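A.B. asks: Below is one structure. I have some questions about it.
The values are calculated or read from the model by the stated rules, or taken from the named source; none is laboratory data. What you see is a predicted model; the values in this text were computed from it and never measured. Quick reminder, even Gly has a Cβ in these numbers, built from the backbone with ideal geometry, and neighbours come from all protein chains shown.
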Amino acid sequence: MLSRIDLRGTALSGLDARGLRNTLPRAEFDVEAALDAVRPICEQVEHGGVEALLELGEKFDGVRPPQLRVPAEVITAALETLDPAVRAALEESIRRARLVHADQRRTEVTTKVSDGGTVTEKWIPVDRVGLYVPGGKAVYPSSVVMNVVPAQLAEVGSIAVASPPQKDNGGYPHPTILAACALLDVDEVYAVGGAQAVAMFAHGARDASGVTVCEPATLVTGPGNIYVAAAKRLLKGLIGIDAEAGPTEIAILADATAQPDLVAADLISQAEHDELAASVLVTDSVELADAVDAALERRVPATKHTERVRIALTGRQSGTVLVDDVSAGLRVVDSYAAEHLEIQTADAASVAAKVRNAGAIFVGDHSPVSLGDYAAGSNHVLPTGGCACHSSGLSVQSFLRGVHVIDYSRDALDVIAETVVTLANSEDLPAHGEAVTARFEARS
(Lines give C-alpha, C1' and ligand atoms only; values in the text may rest on other atoms or scores of the structure.)
Protein backbone atom coordinates (compact mmCIF):
# COMPACT_ATOMS: atom_id res chain seq x y z
CA MET A 1 0.00 0.00 0.00
CA LEU A 2 2.84 2.41 0.79
CA SER A 3 5.21 3.29 -2.04
CA ARG A 4 8.91 2.93 -1.30
CA ILE A 5 11.92 5.18 -1.66
CA ASP A 6 15.23 3.37 -1.29
CA LEU A 7 17.94 5.61 0.18
CA ARG A 8 20.31 2.86 1.19
CA GLY A 9 23.94 2.77 0.15
CA THR A 10 25.12 5.79 -1.82
CA ALA A 11 21.59 6.98 -2.61
CA LEU A 12 21.44 9.08 0.56
CA SER A 13 25.08 10.20 0.74
CA GLY A 14 24.82 11.56 -2.82
CA LEU A 15 22.02 13.98 -1.89
CA ASP A 16 22.53 17.47 -0.53
CA ALA A 17 19.96 19.04 1.79
CA ARG A 18 17.77 20.38 -0.99
CA GLY A 19 17.99 17.19 -2.99
CA LEU A 20 16.93 15.12 0.00
CA ARG A 21 13.95 17.35 0.74
CA ASN A 22 12.84 17.08 -2.88
CA THR A 23 13.17 13.29 -2.80
CA LEU A 24 10.95 12.72 0.23
CA PRO A 25 7.15 12.33 0.00
CA ARG A 26 5.22 15.58 0.37
CA ALA A 27 1.67 16.68 -0.37
CA GLU A 28 1.03 19.20 -3.11
CA PHE A 29 -0.25 22.29 -1.33
CA ASP A 30 -0.12 25.42 -3.49
CA VAL A 31 -1.20 28.26 -1.24
CA GLU A 32 -0.20 30.80 -3.88
CA ALA A 33 -2.72 29.34 -6.34
CA ALA A 34 -5.48 29.54 -3.72
CA LEU A 35 -4.89 33.27 -3.28
CA ASP A 36 -6.91 34.02 -6.43
CA ALA A 37 -9.88 32.21 -4.88
CA VAL A 38 -9.72 33.85 -1.46
CA ARG A 39 -8.93 37.43 -2.52
CA PRO A 40 -12.50 38.25 -3.64
CA ILE A 41 -13.87 36.54 -0.51
CA CYS A 42 -11.72 38.71 1.74
CA GLU A 43 -12.67 41.84 -0.19
CA GLN A 44 -16.35 40.91 0.07
CA VAL A 45 -16.01 40.60 3.85
CA GLU A 46 -14.06 43.85 4.13
CA HIS A 47 -16.73 45.84 2.34
CA GLY A 48 -19.88 43.82 3.05
CA GLY A 49 -19.47 43.08 6.75
CA VAL A 50 -22.05 40.93 8.49
CA GLU A 51 -24.32 40.48 5.50
CA ALA A 52 -21.42 39.27 3.34
CA LEU A 53 -20.42 36.77 6.03
CA LEU A 54 -23.95 35.38 6.28
CA GLU A 55 -24.13 35.04 2.48
CA LEU A 56 -20.77 33.30 2.36
CA GLY A 57 -21.90 30.85 5.04
CA GLU A 58 -24.88 29.97 2.86
CA LYS A 59 -22.67 29.63 -0.22
CA PHE A 60 -19.84 27.54 1.21
CA ASP A 61 -21.41 25.75 4.18
CA GLY A 62 -24.89 25.29 2.79
CA VAL A 63 -26.63 27.17 5.58
CA ARG A 64 -27.24 30.81 6.45
CA PRO A 65 -26.61 31.33 10.17
CA PRO A 66 -29.53 32.94 12.03
CA GLN A 67 -27.00 35.49 13.27
CA LEU A 68 -23.25 35.89 13.10
CA ARG A 69 -22.47 35.73 16.80
CA VAL A 70 -23.72 32.62 18.55
CA PRO A 71 -26.19 33.58 21.32
CA ALA A 72 -25.11 32.84 24.88
CA GLU A 73 -28.10 30.57 25.44
CA VAL A 74 -27.10 28.39 22.47
CA ILE A 75 -23.58 27.97 23.90
CA THR A 76 -24.99 27.17 27.34
CA ALA A 77 -27.44 24.64 25.91
CA ALA A 78 -24.61 22.90 24.04
CA LEU A 79 -22.77 22.32 27.31
CA GLU A 80 -25.91 21.21 29.15
CA THR A 81 -26.68 18.56 26.52
CA LEU A 82 -23.08 17.38 26.06
CA ASP A 83 -22.47 13.68 26.59
CA PRO A 84 -21.10 13.39 30.16
CA ALA A 85 -18.25 11.15 28.99
CA VAL A 86 -17.21 13.70 26.34
CA ARG A 87 -17.44 16.49 28.91
CA ALA A 88 -15.21 14.59 31.33
CA ALA A 89 -12.71 13.90 28.56
CA LEU A 90 -12.62 17.57 27.53
CA GLU A 91 -12.20 18.67 31.13
CA GLU A 92 -9.22 16.34 31.56
CA SER A 93 -7.73 17.55 28.27
CA ILE A 94 -8.09 21.14 29.47
CA ARG A 95 -6.54 20.32 32.85
CA ARG A 96 -3.49 18.70 31.29
CA ALA A 97 -3.07 21.44 28.68
CA ARG A 98 -3.15 24.06 31.42
CA LEU A 99 -0.46 22.22 33.38
CA VAL A 100 1.93 22.15 30.43
CA HIS A 101 1.19 25.61 29.10
CA ALA A 102 1.39 27.27 32.53
CA ASP A 103 5.09 26.42 32.59
CA GLN A 104 5.58 28.31 29.31
CA ARG A 105 4.77 31.69 30.81
CA ARG A 106 7.64 34.17 30.52
CA THR A 107 8.96 36.37 33.30
CA GLU A 108 10.23 39.92 33.10
CA VAL A 109 14.04 40.11 33.22
CA THR A 110 16.15 43.20 33.90
CA THR A 111 19.81 43.19 32.87
CA LYS A 112 22.24 45.68 34.34
CA VAL A 113 24.45 46.61 31.41
CA SER A 114 26.45 49.24 33.28
CA ASP A 115 26.11 51.48 36.32
CA GLY A 116 22.92 53.42 35.62
CA GLY A 117 22.09 51.48 32.45
CA THR A 118 19.53 48.70 32.30
CA VAL A 119 17.56 46.82 29.66
CA THR A 120 14.38 45.10 30.78
CA GLU A 121 12.64 42.54 28.63
CA LYS A 122 8.94 42.47 29.40
CA TRP A 123 6.32 40.20 27.83
CA ILE A 124 3.06 41.76 26.74
CA PRO A 125 0.09 39.75 25.43
CA VAL A 126 -1.53 40.78 22.16
CA ASP A 127 -4.72 42.76 22.67
CA ARG A 128 -7.16 40.47 20.90
CA VAL A 129 -6.99 37.08 19.17
CA GLY A 130 -9.26 35.36 16.70
CA LEU A 131 -9.06 31.60 17.09
CA TYR A 132 -10.16 29.45 14.16
CA VAL A 133 -11.57 25.97 14.73
CA PRO A 134 -12.19 23.84 11.59
CA GLY A 135 -15.41 21.97 11.00
CA GLY A 136 -15.16 20.14 7.69
CA LYS A 137 -14.73 16.37 7.47
CA ALA A 138 -14.41 16.19 11.25
CA VAL A 139 -15.31 18.26 14.29
CA TYR A 140 -12.44 19.47 16.44
CA PRO A 141 -13.37 20.52 19.99
CA SER A 142 -9.78 19.58 20.83
CA SER A 143 -8.65 22.51 18.67
CA VAL A 144 -10.72 24.83 20.87
CA VAL A 145 -8.67 23.61 23.83
CA MET A 146 -5.35 23.91 22.00
CA ASN A 147 -6.06 27.50 20.87
CA VAL A 148 -7.81 28.89 23.92
CA VAL A 149 -5.66 27.50 26.75
CA PRO A 150 -2.34 29.13 25.73
CA ALA A 151 -4.12 32.39 24.86
CA GLN A 152 -5.72 32.48 28.30
CA LEU A 153 -2.47 31.66 30.08
CA ALA A 154 -0.78 34.43 28.10
CA GLU A 155 -3.48 36.67 29.61
CA VAL A 156 -4.86 37.87 26.28
CA GLY A 157 -7.64 40.29 27.16
CA SER A 158 -10.05 39.53 24.33
CA ILE A 159 -10.57 36.07 22.83
CA ALA A 160 -12.99 35.18 20.03
CA VAL A 161 -13.59 31.84 18.31
CA ALA A 162 -14.92 31.21 14.79
CA SER A 163 -16.08 27.86 13.43
CA PRO A 164 -18.19 26.98 10.37
CA PRO A 165 -21.99 26.97 10.61
CA GLN A 166 -23.57 23.51 10.51
CA LYS A 167 -26.80 22.56 8.73
CA ASP A 168 -27.63 20.10 11.48
CA ASN A 169 -27.19 22.66 14.25
CA GLY A 170 -29.49 25.39 13.07
CA GLY A 171 -26.73 27.29 11.32
CA TYR A 172 -24.46 27.47 14.36
CA PRO A 173 -21.12 25.66 14.88
CA HIS A 174 -21.14 22.06 16.04
CA PRO A 175 -22.51 21.68 19.60
CA THR A 176 -19.36 19.98 20.85
CA ILE A 177 -17.29 22.96 19.74
CA LEU A 178 -19.70 25.31 21.47
CA ALA A 179 -19.59 23.14 24.61
CA ALA A 180 -15.78 23.26 24.63
CA CYS A 181 -15.98 27.07 24.42
CA ALA A 182 -18.36 27.06 27.38
CA LEU A 183 -16.02 24.88 29.43
CA LEU A 184 -13.27 27.42 28.79
CA ASP A 185 -15.51 30.41 29.56
CA VAL A 186 -15.31 31.73 26.01
CA ASP A 187 -18.62 33.38 25.12
CA GLU A 188 -17.63 35.23 21.94
CA VAL A 189 -18.17 32.65 19.21
CA TYR A 190 -19.01 33.26 15.55
CA ALA A 191 -20.67 30.99 13.00
CA VAL A 192 -18.12 31.68 10.30
CA GLY A 193 -15.82 29.27 8.46
CA GLY A 194 -12.99 29.24 5.96
CA ALA A 195 -11.20 32.24 4.49
CA GLN A 196 -14.09 34.49 5.45
CA ALA A 197 -13.43 33.83 9.14
CA VAL A 198 -9.84 35.02 8.78
CA ALA A 199 -11.07 38.08 6.88
CA MET A 200 -13.64 38.82 9.59
CA PHE A 201 -10.96 38.78 12.26
CA ALA A 202 -8.70 40.95 10.11
CA HIS A 203 -11.24 43.62 9.18
CA GLY A 204 -13.93 43.25 11.82
CA ALA A 205 -17.58 43.17 10.77
CA ARG A 206 -20.37 45.71 10.92
CA ASP A 207 -24.07 45.17 10.28
CA ALA A 208 -26.20 47.18 7.85
CA SER A 209 -26.80 49.90 10.43
CA GLY A 210 -23.07 50.36 11.03
CA VAL A 211 -22.98 48.64 14.41
CA THR A 212 -19.79 46.64 14.97
CA VAL A 213 -20.68 42.99 15.57
CA CYS A 214 -17.10 41.67 15.57
CA GLU A 215 -14.09 43.78 16.46
CA PRO A 216 -10.88 43.26 14.46
CA ALA A 217 -8.28 40.97 16.02
CA THR A 218 -4.55 41.53 16.38
CA LEU A 219 -3.60 37.89 15.83
CA VAL A 220 -5.30 34.91 14.18
CA THR A 221 -4.36 31.33 15.04
CA GLY A 222 -5.65 27.84 14.39
CA PRO A 223 -5.49 25.15 11.71
CA GLY A 224 -7.61 25.02 8.56
CA ASN A 225 -7.72 24.07 4.90
CA ILE A 226 -5.77 25.59 2.02
CA TYR A 227 -8.19 28.52 1.78
CA VAL A 228 -7.70 29.39 5.43
CA ALA A 229 -3.93 29.24 4.86
CA ALA A 230 -4.23 31.43 1.76
CA ALA A 231 -6.31 34.01 3.63
CA LYS A 232 -3.68 34.12 6.37
CA ARG A 233 -0.99 34.75 3.77
CA LEU A 234 -3.06 37.45 2.05
CA LEU A 235 -3.88 39.30 5.27
CA LYS A 236 -0.58 38.82 7.11
CA GLY A 237 0.65 42.23 8.17
CA LEU A 238 -2.85 43.51 8.82
CA ILE A 239 -3.00 40.66 11.34
CA GLY A 240 -0.38 38.45 12.91
CA ILE A 241 -0.69 34.73 12.18
CA ASP A 242 0.62 31.57 13.75
CA ALA A 243 1.37 29.67 10.54
CA GLU A 244 0.03 28.69 7.13
CA ALA A 245 -1.06 25.19 8.10
CA GLY A 246 -0.99 22.56 5.37
CA PRO A 247 -2.17 18.94 5.31
CA THR A 248 -1.40 17.03 8.48
CA GLU A 249 1.54 14.63 8.52
CA ILE A 250 3.21 11.92 10.55
CA ALA A 251 6.69 10.47 10.16
CA ILE A 252 7.71 7.37 12.08
CA LEU A 253 11.38 6.47 12.54
CA ALA A 254 11.40 2.76 13.34
CA ASP A 255 13.86 -0.12 13.44
CA ALA A 256 13.43 -3.87 13.64
CA THR A 257 12.32 -3.66 17.28
CA ALA A 258 9.14 -1.75 16.37
CA GLN A 259 5.76 -3.47 16.45
CA PRO A 260 4.28 -3.49 12.91
CA ASP A 261 0.67 -3.30 14.09
CA LEU A 262 1.39 -0.20 16.18
CA VAL A 263 3.22 1.49 13.32
CA ALA A 264 0.35 0.70 10.95
CA ALA A 265 -2.27 1.93 13.42
CA ASP A 266 -0.44 5.24 13.82
CA LEU A 267 -0.02 5.74 10.07
CA ILE A 268 -3.75 5.12 9.62
CA SER A 269 -4.69 7.50 12.43
CA GLN A 270 -3.09 10.39 10.59
CA ALA A 271 -4.38 9.33 7.17
CA GLU A 272 -7.89 9.48 8.65
CA HIS A 273 -7.84 13.29 8.61
CA ASP A 274 -8.18 13.75 4.85
CA GLU A 275 -7.02 12.51 1.48
CA LEU A 276 -3.96 14.79 1.51
CA ALA A 277 -2.74 13.65 4.93
CA ALA A 278 0.83 12.34 4.83
CA SER A 279 1.97 9.12 6.51
CA VAL A 280 5.69 8.38 6.17
CA LEU A 281 7.66 5.46 7.58
CA VAL A 282 11.45 5.72 7.77
CA THR A 283 13.16 2.43 8.62
CA ASP A 284 16.35 0.45 8.25
CA SER A 285 14.42 -2.85 8.31
CA VAL A 286 12.91 -4.22 5.10
CA GLU A 287 11.27 -6.91 7.23
CA LEU A 288 9.49 -4.25 9.29
CA ALA A 289 8.43 -2.39 6.15
CA ASP A 290 6.93 -5.61 4.74
CA ALA A 291 5.17 -6.37 8.02
CA VAL A 292 3.75 -2.84 8.21
CA ASP A 293 2.41 -3.18 4.66
CA ALA A 294 0.73 -6.43 5.65
CA ALA A 295 -0.74 -4.83 8.77
CA LEU A 296 -2.08 -1.94 6.69
CA GLU A 297 -3.79 -4.36 4.31
CA ARG A 298 -5.56 -5.87 7.31
CA ARG A 299 -6.38 -2.67 9.15
CA VAL A 300 -7.39 -0.23 6.41
CA PRO A 301 -10.52 -2.15 5.30
CA ALA A 302 -11.60 -2.38 8.95
CA THR A 303 -11.35 1.33 9.78
CA LYS A 304 -14.37 3.64 9.51
CA HIS A 305 -13.02 6.03 6.87
CA THR A 306 -11.55 3.32 4.67
CA GLU A 307 -11.60 5.13 1.35
CA ARG A 308 -10.20 8.36 2.74
CA VAL A 309 -7.39 6.48 4.47
CA ARG A 310 -6.55 4.41 1.40
CA ILE A 311 -6.34 7.51 -0.81
CA ALA A 312 -4.03 9.22 1.69
CA LEU A 313 -1.76 6.21 2.13
CA THR A 314 -1.41 5.60 -1.60
CA GLY A 315 -0.92 9.28 -2.44
CA ARG A 316 2.40 10.84 -3.38
CA GLN A 317 2.64 12.39 0.09
CA SER A 318 2.91 9.01 1.84
CA GLY A 319 5.42 6.18 1.63
CA THR A 320 8.19 4.15 3.20
CA VAL A 321 11.79 5.38 3.08
CA LEU A 322 14.45 2.69 3.44
CA VAL A 323 17.76 3.70 5.03
CA ASP A 324 20.94 1.89 6.11
CA ASP A 325 20.63 2.58 9.84
CA VAL A 326 18.98 4.75 12.47
CA SER A 327 21.61 7.48 12.05
CA ALA A 328 20.72 7.74 8.37
CA GLY A 329 17.07 7.72 9.40
CA LEU A 330 17.70 10.70 11.66
CA ARG A 331 19.11 12.64 8.73
CA VAL A 332 16.00 11.80 6.72
CA VAL A 333 13.47 12.80 9.41
CA ASP A 334 15.39 16.01 10.15
CA SER A 335 15.17 16.88 6.47
CA TYR A 336 11.48 15.99 6.36
CA ALA A 337 10.78 18.10 9.51
CA ALA A 338 7.48 16.41 10.27
CA GLU A 339 4.56 17.98 12.05
CA HIS A 340 4.41 14.81 14.18
CA LEU A 341 7.44 12.53 14.55
CA GLU A 342 7.27 9.18 16.33
CA ILE A 343 10.41 7.35 17.42
CA GLN A 344 9.85 3.60 17.65
CA THR A 345 13.37 2.24 17.96
CA ALA A 346 15.58 0.57 20.51
CA ASP A 347 16.55 3.20 23.11
CA ALA A 348 13.93 5.55 21.66
CA ALA A 349 14.59 8.32 24.19
CA SER A 350 18.25 8.70 23.21
CA VAL A 351 17.34 8.67 19.51
CA ALA A 352 14.63 11.28 20.09
CA ALA A 353 17.17 13.49 21.87
CA LYS A 354 19.14 13.73 18.61
CA VAL A 355 16.19 15.00 16.54
CA ARG A 356 16.50 18.64 15.52
CA ASN A 357 13.48 19.25 13.29
CA ALA A 358 9.95 18.25 14.26
CA GLY A 359 6.77 19.96 15.42
CA ALA A 360 6.37 17.44 18.25
CA ILE A 361 8.28 14.24 19.05
CA PHE A 362 6.54 11.15 20.41
CA VAL A 363 8.87 8.73 22.14
CA GLY A 364 8.45 4.96 22.28
CA ASP A 365 5.59 2.50 21.85
CA HIS A 366 3.23 4.21 24.28
CA SER A 367 3.31 7.80 23.04
CA PRO A 368 1.18 7.81 19.87
CA VAL A 369 0.37 11.03 18.03
CA SER A 370 -3.30 10.69 18.99
CA LEU A 371 -2.25 11.11 22.65
CA GLY A 372 -0.83 14.50 21.73
CA ASP A 373 -3.91 15.33 19.69
CA TYR A 374 -6.10 15.15 22.75
CA ALA A 375 -4.66 14.66 26.19
CA ALA A 376 -0.87 14.57 26.55
CA GLY A 377 -0.93 18.21 27.65
CA SER A 378 1.12 19.27 24.61
CA ASN A 379 -0.31 21.45 21.83
CA HIS A 380 -1.50 19.93 18.57
CA VAL A 381 -1.40 23.12 16.49
CA LEU A 382 1.97 22.40 14.87
CA PRO A 383 4.03 23.46 11.82
CA THR A 384 3.47 21.43 8.65
CA GLY A 385 5.03 21.13 5.21
CA GLY A 386 8.62 21.03 6.49
CA CYS A 387 8.21 24.31 8.43
CA ALA A 388 9.24 22.59 11.67
CA CYS A 389 12.84 23.34 10.68
CA HIS A 390 12.20 27.02 11.44
CA SER A 391 8.85 27.29 13.25
CA SER A 392 7.31 26.10 16.51
CA GLY A 393 3.91 24.84 17.50
CA LEU A 394 1.33 27.02 19.21
CA SER A 395 2.26 27.97 22.77
CA VAL A 396 1.82 30.73 25.33
CA GLN A 397 4.74 32.44 23.61
CA SER A 398 2.68 32.68 20.39
CA PHE A 399 0.42 35.22 22.10
CA LEU A 400 3.17 37.32 23.72
CA ARG A 401 5.46 40.05 22.43
CA GLY A 402 8.86 40.67 23.92
CA VAL A 403 9.47 44.38 24.45
CA HIS A 404 12.80 45.87 25.55
CA VAL A 405 12.66 48.81 27.97
CA ILE A 406 15.91 50.81 27.89
CA ASP A 407 16.64 53.02 30.89
CA TYR A 408 20.03 54.86 30.99
CA SER A 409 21.12 57.68 33.28
CA ARG A 410 23.12 60.67 32.00
CA ASP A 411 26.34 59.19 33.36
CA ALA A 412 25.65 55.79 31.82
CA LEU A 413 24.99 57.42 28.44
CA ASP A 414 28.17 59.48 28.73
CA VAL A 415 30.24 56.34 29.19
CA ILE A 416 28.99 54.79 25.94
CA ALA A 417 28.47 57.99 23.90
CA GLU A 418 31.73 57.75 21.93
CA THR A 419 30.93 54.18 20.89
CA VAL A 420 27.51 55.20 19.60
CA VAL A 421 28.95 58.16 17.69
CA THR A 422 31.68 56.02 16.14
CA LEU A 423 29.24 53.38 14.93
CA ALA A 424 26.78 56.01 13.66
CA ASN A 425 29.51 57.73 11.62
CA SER A 426 30.69 54.38 10.24
CA GLU A 427 27.21 53.90 8.83
CA ASP A 428 27.12 57.48 7.48
CA LEU A 429 24.29 58.36 9.82
CA PRO A 430 25.87 61.26 11.72
CA ALA A 431 22.56 62.56 13.05
CA HIS A 432 22.29 59.35 15.07
CA GLY A 433 25.48 60.32 16.87
CA GLU A 434 24.37 63.92 17.21
CA ALA A 435 21.22 62.73 19.02
CA VAL A 436 23.60 61.49 21.72
CA THR A 437 26.08 64.40 21.81
CA ALA A 438 23.24 66.94 21.91
CA ARG A 439 22.49 65.75 25.42
CA PHE A 440 25.91 66.95 26.59
CA GLU A 441 26.04 70.32 24.84
CA ALA A 442 26.22 73.36 27.10
CA ARG A 443 22.80 74.96 27.53
CA SER A 444 22.45 78.69 27.67
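A.B. asks: Given the options 195, 258, name the one that is modelled with pLDDT of 95 or more, in contact with a strand residue (DSSP E or B) (Cβ under 8 Å, 6 or more places away or on another chain) and closer than 30 Å to residue 309 by Cβ.
C.D. replies: 258
A.B. asks: Return the residue satisfying two criteria in turn: it lies in region 126-136 and is more than 15 Å from the chain's Cα centre (by Cα) and more than 15 Å from residue 172 (Cα to Cα), and of such residues it is surrounded by the fewest Cβ atoms within 10 Å (Cβ to Cβ).
C.D. replies: My answer is 127.
A.B. asks: Here is a list of conditions, (1) free of Cβ contacts under 8 Å to residues at least 12 places away in the same chain; (2) within 22 Å of residue 13 (Cβ to Cβ), and residue 353 meets all of them except one; can you say which number that is?
C.D. replies: Residue 353 satisfies all of (1) free of Cβ contacts under 8 Å to residues at least 12 places away in the same chain; (2) within 22 Å of residue 13 (Cβ to Cβ) except (2).
A.B. asks: Taking the criterion of being in the same structural domain as residue 214 (by TED's automatic domain parsing), touching a Pro at 6+ places or on another chain (Cβ under 6 Å) and within 12 Å of residue 397 (Cα to Cα), would at least one residue in region 138-152 satisfy it?
C.D. replies: No.
A.B. asks: Pairs, please: C-beta under 9 Å, at least 6 apart or cross-chain, first residue free of Cβ contacts under 8 Å to residues at least 60 places away in the same chain and in region 215-232, second assigned to a loop (DSSP other than H, G, I, E, B)?
C.D. replies: 232/224; 232/242; 232/243; 232/244; 232/245
A.B. asks: Where residues in region 252-295 are surrounded by fewer than 18 Cβ atoms within 10 Å (Cβ to Cβ) and aliphatic (A, V, I, L, M), which of them is farthest from residue 357 (Cα to Cα)?
C.D. replies: 294
A.B. asks: Out of 119, 139, which single residue is surrounded by 13 or more Cβ atoms within 10 Å (Cβ to Cβ), of a type in the set (A, V, I, L, M) and under 30 Å from residue 411 (Cα atoms)?
C.D. replies: On inspection, the qualifying residue turns out to be 119.
A.B. asks: Oh, and also: Looking only at region 211-244, which residues are surrounded by 17 or more Cβ atoms within 10 Å (Cβ to Cβ) and assigned to a strand (DSSP E or B)?
C.D. replies: 214, 219, 220, 221, 239, 240, 241, listed by residue number.
A.B. asks: Considering only residues that are assigned to a helix (DSSP H, G or I) and of a type in the set (Asp, Glu), look in region 250-302 and name the one that is nearest to the chain's Cα centre (by Cα).
C.D. replies: 266
A.B. asks: OK, next. Taking strands (runs of 3 or more DSSP E) that do not extend beyond region 86-154, which have at least 3 residues that are in contact (Cβ under 8 Å) with a residue 60 or more places away in the chain?
C.D. replies: By residue number, 117-125, 128-132.
Here's the yes/no breakdown for (1) out of contact with any Asp or Glu (no Cβ under 9 Å at 6 or more places or on another chain); (2) part of a helix (DSSP H, G or I):
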residue	(1), (2)
160	no, no
165	no, no
180	yes, yes
209	yes, no
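A.B. asks: Give the residues of region 379-390 that are assigned to a loop (DSSP other than H, G, I, E, B) and either in contact with a Gly (Cβ under 8 Å, 6 or more places away or on another chain) or assigned by TED's automatic domain parsing to the domain that holds residue 131 (or both), sorted by residue number.
C.D. replies: Listed by number, the residues that qualify are 379, 380, 381, 382, 383, 384, 385.
Rundown of residues vs (1) outside any helix (DSSP H, G or I); (2) of a type outside the set (Val, Ile, Thr); (3) surrounded by fewer than 21 Cβ atoms within 10 Å (Cβ to Cβ), yes/no style:
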| position | (1), (2), (3) |
| --- | --- |
| 343 | yes, no, no |
| 370 | no, yes, yes |
| 394 | yes, yes, no |
| 402 | yes, yes, yes |
| 407 | yes, yes, yes |
| 411 | no, yes, yes |
